[in-house]
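These notes concern the structure reproduced below.
All of the numbers you see were taken from the coordinates with simple rules; none came from a lab. Keep in mind that this is a model prediction, so the values were computed, not measured. All Cβ positions, even for glycine, are placed from backbone atoms using ideal geometry, and neighbour counts span all protein chains on display.
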């Protein structure tokens, strides 16, 4: 399992249940990485999408305690149920896409994190773990700076040297 996220200079990821920046190059990167794969999210992340609809061309698994079952995505109500459902898919094809609480909960079980770093302060209200300071995590790749929509970004890949196995793996 992997995490995929955009962070600002302070590892901020969101404000008012929305992204901090509009980054066309990152959206393309996200689509390329997750197309045809399984994405895992919390209910607020799903509800932040246009019309509250899941992402097309992917299997969408939503942790939503008390949420109603839907035809357009897989809704699970507990962490145990989430791990069971994730276990049905190849580990390398599962991406955690938010929000902050789900990232924090699942990060120990992720082998990698695809992090788009934005050289700006987005005034975030919610944050991702600072992987540069988190024990066991190392930056394995940092791409060249790239300009998109007035921001300088860098695609980075972090690896988890202390990955934990989740139930069922």
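Tabulated data for the structure shown
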{"quantity": "Extension gain (nm, one decimal) between residue 31 and residue 69, 0.36 nm per residue minus Cα-Cα", "calculated": "11.1 nm"}
{"quantity": "More than 21 angstrom apart: percent of Cα pairs within the chain", "calculated": "45 percent"}
{"quantity": "Helix-derived mean residue ellipticity, 222 nm - over the chain, DSSP H n ≥ 4, -39500 (n - 2.57), to 500", "calculated": "-5000 deg cm²/dmol"}
{"quantity": "Globularity ratio of region 55-99, using Cα Rg and 2.2 N^0.38 Å", "calculated": "1.11"}
{"quantity": "Simple label model, 7 Å out from Cα along Cβ direction - residue 140 to residue 47, nm", "calculated": "3.5 nm"}
{"quantity": "Cα-projected label distance for residue 104 with residue 79, points at 7 Å along beta-carbon direction, nm", "calculated": "1.2 nm"}
{"quantity": "Packing-based ranking, highest mean first, of 21-32, 90-101 given that Cβ atoms within 10 Å are counted", "calculated": "90-101, 21-32"}
{"quantity": "Residue of 65, 108, 54 that the Gaussian network model of the chain assigns the largest fluctuation, springs spanning Cα pairs under 10 Å", "calculated": "65"}
{"quantity": "With Cα atoms, 0 to 90° folded angle of helix 24-34 axis to the chain main axis", "calculated": "40 degrees"}
